[in-house]
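Visitor: Sharing a structure below in structure tokens format, with a few things to ask.
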Protein chains: 2
Amino acid sequence: MSLSIKLPATTSHLNYLNHHAKTNTSTSTSNIRTKPIYTSNPLIITTSRSRKMSLEHGSTSSSSNSYGAPFIKSSLIEPDGGALVDLVVPESQRASKILEAEALPKVKLTKIDVEWVHVISEGWASPLRGFMREDEYLQSLHFNALRLKENGSLVNMSLPIVLAIDDETKEGIGNSSNVGLVAPNGDCIAILRSIEIYKHNKEERIARTWGTTAAGLPYVEESITPAGNWLIGGDLEVLKPIKYNDGLDNYRLSPKQLREEFDRREADAVFAFQLRNPVHNGHALLMNDTRKRLLEMGYKNPILLLHPLGGFTKADDVPLNVRMEQHSKVLEDGVLDPETTIVAIFPSPMHYAGPTEVQWHAKARINAGANFYIVGRDPAGMGHPTEKRDLYDPDHGKKVLSMAPGLEKLNILPFRVAAYDTSENKMAFFDPSRAKDFLFISGTKMRAYAKSGENPPDGFMCPNGWKVLVKYYESLQAEESPQQPAVLSA
Amino acid sequence: MSLSIKLPATTSHLNYLNHHAKTNTSTSTSNIRTKPIYTSNPLIITTSRSRKMSLEHGSTSSSSNSYGAPFIKSSLIEPDGGALVDLVVPESQRASKILEAEALPKVKLTKIDVEWVHVISEGWASPLRGFMREDEYLQSLHFNALRLKENGSLVNMSLPIVLAIDDETKEGIGNSSNVGLVAPNGDCIAILRSIEIYKHNKEERIARTWGTTAAGLPYVEESITPAGNWLIGGDLEVLKPIKYNDGLDNYRLSPKQLREEFDRREADAVFAFQLRNPVHNGHALLMNDTRKRLLEMGYKNPILLLHPLGGFTKADDVPLNVRMEQHSKVLEDGVLDPETTIVAIFPSPMHYAGPTEVQWHAKARINAGANFYIVGRDPAGMGHPTEKRDLYDPDHGKKVLSMAPGLEKLNILPFRVAAYDTSENKMAFFDPSRAKDFLFISGTKMRAYAKSGENPPDGFMCPNGWKVLVKYYESLQAEESPQQPAVLSA
């Protein structure tokens, strides 16, 4: 679905931020810092309101470093279920598992299925250890939460993470209790063990996940309607780390890697920003404002996780490679501070399921170690596919998120709406007392500007970031023009 | 919607059981009893696995009787939120509240709205104190549970209990923070205070509640499609107890009355059976078997709450008055033991929302004091309105119920499927090893028998109970015949 426009090689820019941060080895211990710091004794001072960090010696979340001094393990916030799931087979066992997998009945995966294998294998969905069996599926569908067998507590799990198979595949599996999972390129990438096959009631799944069954939901059309009438759950073993070889794999940091990076930077707060669109100055205002608020709250080193979604997106969203290039310009132009920002890719596919999906977006970031989550207007929303209205009430996402079972430990930071303030020619928080001064620039409007070659108002987006988009839309028009005249949409 | 067939007066039969139980004043203290017992010091011995009863003096759940001896308050199981909600205005305040209500903007209620006023006012939906405001509505829709503000714990709440109003009514309310609720007969029956008006997204409500948006869902067609585009929530005050004056009000025991009755009978376990259909011997087998199992578990006096649903049902369900007469025959014929059975009406309307609704059915019975809940095949299910299949997977109801947040304290008793055993000419638990011996007699089939005057196989239902149904279907055919020939449906 996503367009793969080849852009001039700019991935070197993309590496700017993270590389820069990684090579900084300053040992300053000043409390107010402008640079990331690496110390040989990375004692993390946590002041999160949401979770009492155990600083006692000998607690389960601490161990000793080589000097015998107390050493606090990476975590501003515990992963769901207490431990990060990692389902990638250790290298030493790889060869034998590959042999085993080859002898098993096979299940062919779609591109989106592979994205889910990736997501599950790295623990974004912790404590989930594979595609959902029916009891997990039902809990997800009805309660948006899973009950832990160990202690009866609830963790959030709002989207069914399931694998569909058709009748023929089911028949081929027969009585086997394990299957091999085969990527679209023919590679057997994983084993699913102790499988359970159950009915895939698509109508019910769609209705309960999206709150509508209207035709035209992107994920449904791409991944559910064409899928089989059975779901297969089980425990996943991934034969080697999932890679995409698209020049962006170095941005695909796993939750474990992100936690390590937050520790290395001695973050005392991590605030995650989920996005699937280019960053404009309204987004930046909000991220910078959040940082300011966290500093005012007493945090010394809040780190922003700028976390674009990297899996399936709908056809008219800006593709990942373009977005990544745009994001790197935003950092290069200094709109966001590279010293306190980590850019990484969140490998999940997009559902456009509004209040249901935003919980997934937040929950996955808990597992990646973020203890603050920014939520704005209509998160994971889109227009209704058949009616002229938003599919979801724009306020429901933040309301649902703030009440969701299993997300109590996460600090939710509701978004103040930013818009273009024509009186000051910059993006600013919307002030209802002078509403007429503000211009809301929608994605559609932005696209229309870019397509027409017209610039958006000054201060809407940093110039180099804007250029990336213009270039992208030009390339798109060049591709489209043989088929259709370049009509400007409003 | 429900047919109001006037039957020969048989309500005297209906009073048999409960009256009989109430007038028994035996003071026997034998542990194994066959008769209900009333003692002057009703100390309840609770052995429920699901909840530790506080027997200590001075605990919040105990008080002293007039003799100063410890007196344990009624409850085998705590109401959700810890206290049973009772929203009926005390008689002393009634006159002034009625005066106040008359001066308020008015909201006209439908028959189903009044059923909900009834349900809420008596505490079936405890801790809910009125029609849902948006935060409660969203939690219900997304999580099937409400978080208690007091302590953060979750109580089950799977159905949105909401009141819809149209644009005109909304306009009429203006800035008033309270409204009067007016029954279809013109009586102002309640005040809704500190109101909140929010959007009624019918499509989303239907999709998330039923898991389908297919046309033909009975509750949707009766109560949602014709309703307004706004929901109004607030705190309810009911001006006097809701009565229907249909000769069945004495069966409409409130949760408080039921708890008192369980105490009076010194029940040490109460198992609730929700139904909306006539009782056949398969149901009876299962209820009697449940009692046997509870006795084997060590309970000394398990009481059955036979609890037919009394609110809205779909047009082809047997109406309440006929069902109540049929139930009374089942008790008179000794198929169920009147000594250990309480028959009462559950005033809720029926949603036919399967796994979502069965949680409501169970949760409401917690509030009524039942600590065991029987759940069978496809609870609250029906055929798909537009496809030739069950709307819900017949096993999902019991699975969802057993995992539902807020129902942990309730003992779920899954139903073994009963069918007509042709080798023994009686209803028996289905034995898959000799499946061909068993005959499944569906509601449709039963209706066909009754309509044709043919008897079902011996032992399917007690003869006097069956006669009630035959009489009902005959009256129905007599009514129908002018319009259409009496065709036998299969």
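Visitor: Could you list all residues from region B:229-277 that are over 17 Å from B:Val85 (Cβ atoms), among the hydrophobic types (A, V, I, L, M, F, W, C) and surrounded by 22 or more Cβ atoms within 10 Å (Cβ to Cβ)?
Guide: B:Leu231, B:Ile232, B:Phe262, B:Ala267, B:Ala269, B:Val270, B:Phe271, B:Ala272, B:Phe273
Visitor: I would also like to ask the following. Are there any pairs with C-beta distances below 6 angstrom linking a residue in region B:435-461 that is free of Cβ contacts under 8 Å to residues at least 24 places away in the same chain to a residue that is assigned to a loop (DSSP other than H, G, I, E, B), with the two at least 6 apart or on different chains, and if so which?
Guide: Pairs found: B:Asp437/B:Thr422; B:Asp437/B:Ser423; B:Phe438/B:Phe430; B:Leu439/B:Thr422; B:Tyr449/B:Pro456.
Yes/no per residue for (1) surrounded by fewer than 14 Cβ atoms within 10 Å (Cβ to Cβ); (2) part of a loop (DSSP other than H, G, I, E, B); (3) modelled with pLDDT under 95; (4) within 24 Å of the chain's Cα centre (by Cα):
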position	(1), (2), (3), (4)
B:Asn151	yes, yes, yes, no
B:Val155	no, no, no, yes
B:Leu159	no, yes, no, yes
B:Gly172	no, no, no, no
B:Asn175	yes, yes, no, no
B:Pro184	yes, yes, no, yes
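Visitor: Under 8 Å between Cβ atoms, at least 6 apart or on separate chains: pull out the pairs that start in region A:171-182 with a residue that is farther than 12 Å from A:Val107 by Cβ and end on any residue that is of a type outside the set (S, T, N, Q).
Guide: Between residues of region A:171-182 that are farther than 12 Å from A:Val107 by Cβ and residues that are of a type outside the set (S, T, N, Q), the close pairs are A:Gly174/A:Pro105; A:Ser177/A:Arg193; A:Ser177/A:Ile195.
Visitor: Report yes if some residue within region B:403-412 is at the interface with chain A (Cβ under 10 Å from one of its Cβ atoms), farther than 18 Å from A:Arg205 by Cα and surrounded by fewer than 19 Cβ atoms within 10 Å (Cβ to Cβ); otherwise report no.
Guide: The answer is yes; a qualifying residue exists.
Visitor: Does A:His280 qualify as being modelled with pLDDT under 95 and either aliphatic (A, V, I, L, M) or surrounded by 23 or more Cβ atoms within 10 Å (Cβ to Cβ) (or both)?
Guide: Criteria met by A:His280.
Visitor: Still on this model: How many residues, within region A:119-136, are assigned to a helix (DSSP H, G or I) and not charged (D, E, K, R)?
Guide: 3
Visitor: Can you tell me which residue is nearest to A:Ser176 (Cα to Cα) among those in region A:188-213 that are buried (at least 23 other Cβ atoms within 10 Å of the Cβ) and among the hydroxyl-bearing types (Ser, Thr, Tyr)?
Guide: The residue in question is A:Thr209.
Visitor: Moving on to the next point. Take the residues in region B:161-170 that are of a type outside the set (D, E, K, R) and farther than 23 Å from B:Leu401 by Cβ; name whichever of them is nearest to the chain's Cα centre (by Cα).
Guide: B:Leu163
Visitor: So, one more: Name the pairs: first residue in region B:131-146 and at the interface with chain A (Cβ under 10 Å from one of its Cβ atoms), second residue in a helix (DSSP H, G or I) and among the small types (Gly, Ala, Ser), Cβ to Cβ under 7 Å, at least 6 apart or on different chains?
Guide: B:Leu146/B:Ser140
Visitor: Among the residues of region A:202-212, write down those that are at the interface with chain B (Cβ under 7 Å from one of its Cβ atoms) and more than 16 Å from B:Arg205 (Cβ to Cβ).
Guide: Selection gives A:Glu203 alone.
Visitor: Taking the condition of being under 20 Å from A:Asn250 (Cβ atoms) and part of a loop (DSSP other than H, G, I, E, B), how many residues in region A:301-317 meet it?
Guide: 2
Visitor: Could I ask something else about it? Looking only at region B:89-118, which residues are among the hydrophobic types (A, V, I, L, M, F, W, C), farther than 22 Å from B:Arg252 by Cα and part of a helix (DSSP H, G or I)?
Guide: B:Ala95, B:Ile98, B:Leu99, B:Ala101
Visitor: Checking A:Leu336 against (1) aliphatic (A, V, I, L, M); (2) closer than 27 Å to A:Ser121 by Cβ; (3) in contact with a helix residue (DSSP H, G or I) (Cβ under 8 Å, 6 or more places away or on another chain), which test does it fail?
Guide: Unmet condition: (2).
Visitor: When region A:352-389 is examined, which residues are found to be on the phi < 0 side of the Ramachandran plot, part of a helix (DSSP H, G or I) and within 13 Å of chain B (Cβ to nearest Cβ)?
Guide: A:Pro355, A:Thr356, A:Glu357, A:Val358, A:Gln359, A:Trp360
Yes/no per residue for (1) assigned to a loop (DSSP other than H, G, I, E, B); (2) farther than 27 Å from B:Glu222 by Cα; (3) of a type in the set (A, V, I, L, M, F, W, C); (4) free of Cβ contacts under 8 Å to residues at least 40 places away in the same chain:
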position: B:Val335; (1), (2), (3), (4): yes, yes, yes, no
position: B:Glu339; (1), (2), (3), (4): no, yes, no, no
position: B:Ile342; (1), (2), (3), (4): no, yes, yes, no
position: B:Met350; (1), (2), (3), (4): yes, no, yes, no
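The values are calculated or read from the model by the stated rules, or taken from the named source; none is laboratory data. Note that the structure is predicted; figures quoted are calculated from it, not measured. So basically every Cβ, Gly included, is an ideal-geometry build from the backbone, and we count neighbours across all protein chains shown.
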